[in-house]
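Right, one structure below, let's go through it.
The values are calculated or read from the model by the stated rules, or taken from the named source; none is laboratory data. In this text the structure is predicted, and so the values were computed from the model without any measurement. Here the Cβ is made from the backbone with ideal geometry for all residues, glycine too, and neighbour counts use every protein chain on show.
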Amino acid sequence: MAEPLKAMYNEGFLRSFGMKLRRVYSAFNTDDFVAAAMKEPWEALELKARMRRITETLGAYLPADYEEALAVLYEIDRECTGFPYLIFPDFVEVYGQGDEHWELSMAALERFTPGSSAEFAVRPFMLRDPQRMMAQMQVWSHHDNEHVRRLASEGSRPRLPWGQALPMFKLDPSPVLPVLEQLKADPSLYVRKSVANNLNDIAKDHPDVVIGIARRWKGVSEHTDWIVRHGCRSLIRQANPEIMALFGYADETEDMPLVLLPLCL
């Protein structure tokens, strides 16, 4: 049986991480950090709970000043990449939500997301001040780094798996749409997948909005056509008549059982 994903956070990982920190911040006590992070009930903690335990413990052993703590993380973040290091953007989520830290936190999330995606960490900021955060997302949607552009879409998904839902965008997705418009023909497949997933989220609450977008975007470019098809996948599975007609399924599949519709998107 494969190990659970939470097992990546273990004593070996914590000790290696602590040694990296001590190399650039001599006051960091690796032994105490590991012991504090792994205190009971460590074994019972699931993945996200372990991540948050590490983040909170990290906050206790880095400088108390948020800007100084970020400076320490900036010394090692380029060598700390991949899924386990979601603790970097999580640190921003936990310690950087104060109004006085806004600019610092936005810069940190932008910096950390290429190495360990900030799509979860942006959501509390979004819930607190959606207008300001969507303005930031619009800025990020023009960024030259595909990971930052993806963050603009993925971080604003109304129904991001594993992430906090954004009920205001379930109710009214219109603030998200300018970001998706900006990214609708992005050269990066990584970004286009996120745009399609965002549309699919929106379709679950506002199918008419997505149908309207599909009509406008279809035929604009090969990239946009790919997004439209993948973004409408739930509507296709539901055999929505307008979407079926848009993709040319209506005449051919009028009497065909739903399970036989072409769903390999």
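Could you check the range 142-156 and list, in sequence order, the residues that are out of contact with any His (no Cβ under 6 Å at 6 or more places or on another chain) and either of a type in the set (A, V, I, L, M, F, W, C) or crowded, with 24+ Cβ neighbours inside 10 Å (or both)? Give the steps one after another, and end with the answer.
So the first thing to find is which residues in the range 142-156 are out of contact with any His (no Cβ under 6 Å at 6 or more places or on another chain), and the list is 142-148, 150-156.
Selection gives Val148, Arg150, Leu151, Ala152, Ser153, Glu154, Gly155, Ser156.
Can you confirm whether Ala108 is of a type outside the set (Val, Ile, Thr), closer than 23 Å to Leu14 by Cβ, modelled with pLDDT of 95 or more and within 12 Å of the chain's Cα centre (by Cα)? Can you show your working first?
Details: of a type outside the set (Val, Ile, Thr): yes; closer than 23 Å to Leu14 by Cβ: yes; modelled with pLDDT of 95 or more: yes; within 12 Å of the chain's Cα centre (by Cα): no.
Here the answer is no, as Ala108 does not meet what is asked.
Of all residues in the range 143-179, how many are within 25 Å of Ile211 (Cβ to Cβ) and over 15 Å from the mean Cα position of the chain (by Cα)?
Going through the range 143-179 one residue at a time, the tally reaches 11.
For the range 35-61, name all the residues that are surrounded by 18 or more Cβ atoms within 10 Å (Cβ to Cβ) and either part of a helix (DSSP H, G or I) or touching a residue at least 60 places away in the same chain (Cβ under 8 Å) (or both).
Ala37, Arg50, Met51, Arg53, Ile54, Thr55, Thr57, Leu58, Tyr61, listed by residue number.
Considering only residues that are farther than 20 Å from Val191 by Cβ, of a type in the set (A, V, I, L, M, F, W, C) and in contact (Cβ under 8 Å) with a residue 24 or more places away in the chain, look in the range 212-239 and name the one that is surrounded by the fewest Cβ atoms within 10 Å (Cβ to Cβ).
The extreme case among them is Ile236.
Against the definition (crowded, with 17+ Cβ neighbours inside 10 Å, free of Cβ contacts under 8 Å to residues at least 40 places away in the same chain, out of contact with any strand residue (DSSP E or B) (no Cβ under 8 Å at 6 or more places or on another chain) and not basic (Lys, Arg)), how does Gly18 come out, yes or no?
yes
For the range 64-72, indicate whether the set of residues that are crowded, with 19+ Cβ neighbours inside 10 Å and within 28 Å of Asp186 (Cα to Cα) is non-empty.
Checked the range 64-72: no residue is crowded, with 19+ Cβ neighbours inside 10 Å and within 28 Å of Asp186 (Cα to Cα).
Identify, from the list Val139, Val176, the residue that is hydrophobic (A, V, I, L, M, F, W, C) and surrounded by 16 or more Cβ atoms within 10 Å (Cβ to Cβ).
Criteria check complete, one pass: Val176.
When the residues of the range 62-86 are filtered to those that are in a helix (DSSP H, G or I) and touching a residue at least 60 places away in the same chain (Cβ under 8 Å), which remaining residue is farthest from Ala35 (Cα to Cα)?
The first filter runs over the range 62-86 and keeps only residues in a helix (DSSP H, G or I), leaving 66-79, 83-86.
Among the residues that remain, those that are also touching a residue at least 60 places away in the same chain (Cβ under 8 Å) are: 83-84.
Numbers: Phe83: 22, Pro84: 19 Å.
Going through the qualifying residues, I end up with Phe83.
Check every one of the helices (runs of 4 or more DSSP H) wholly within the range 201-265 and list those with 3 or more residues that are within 30 Å of the chain's Cα centre (by Cα), closer than 29 Å to Gly155 by Cα and modelled with pLDDT of 95 or more. Lay out the reasoning, then the answer.
Working: elements: 207-217, 222-231, 233-237, 241-246.
Because the criterion is at least 3 residues that are within 30 Å of the chain's Cα centre (by Cα), closer than 29 Å to Gly155 by Cα and modelled with pLDDT of 95 or more, the helices (runs of 4 or more DSSP H) in the range 201-265 that meet it are 207-217, 222-231, 233-237.
I need the full set of residues from the range 98-123 which are among the acidic types (Asp, Glu) and in a helix (DSSP H, G or I), in order please.
From the range 98-123, those among the acidic types (Asp, Glu) are 99-100, 103, 110, 119; that's our starting set.
Listed by number, the residues that qualify are Asp99, Glu100, Glu103, Glu110.
With the condition kept exactly as written, say whether any residue in the range 65-83 is within 23 Å of Pro124 (Cα to Cα), among the acidic types (Asp, Glu) and in contact with a Ser or Thr (Cβ under 9 Å, 6 or more places away or on another chain). It would help to see each step written out before you state the result.
Within the range 65-83, the subset within 23 Å of Pro124 (Cα to Cα) is 65-71, 73-74, 77, 81-83.
Add one more test, that the residue is among the acidic types (Asp, Glu), and what stays is 65, 67-68, 77.
Still in the list and also in contact with a Ser or Thr (Cβ under 9 Å, 6 or more places away or on another chain): 77.
Yes, there is a match, as at least one residue in the range 65-83 is within 23 Å of Pro124 (Cα to Cα), among the acidic types (Asp, Glu) and in contact with a Ser or Thr (Cβ under 9 Å, 6 or more places away or on another chain).
Between a residue in the range 121-140 that is modelled with pLDDT of 95 or more and any residue that is surrounded by fewer than 16 Cβ atoms within 10 Å (Cβ to Cβ) and assigned to a helix (DSSP H, G or I), which pairs come within a Cβ distance under 6 Å, given they are 6 or more apart or on different chains?
From residues that are modelled with pLDDT of 95 or more, the pairs are Pro130/Met168.
Checking the structure you have, find out if any residue of the range 178-195 is out of contact with any helix residue (DSSP H, G or I) (no Cβ under 6 Å at 6 or more places or on another chain), on the phi < 0 side of the Ramachandran plot, charged (D, E, K, R) and at pLDDT 95 or above.
yes
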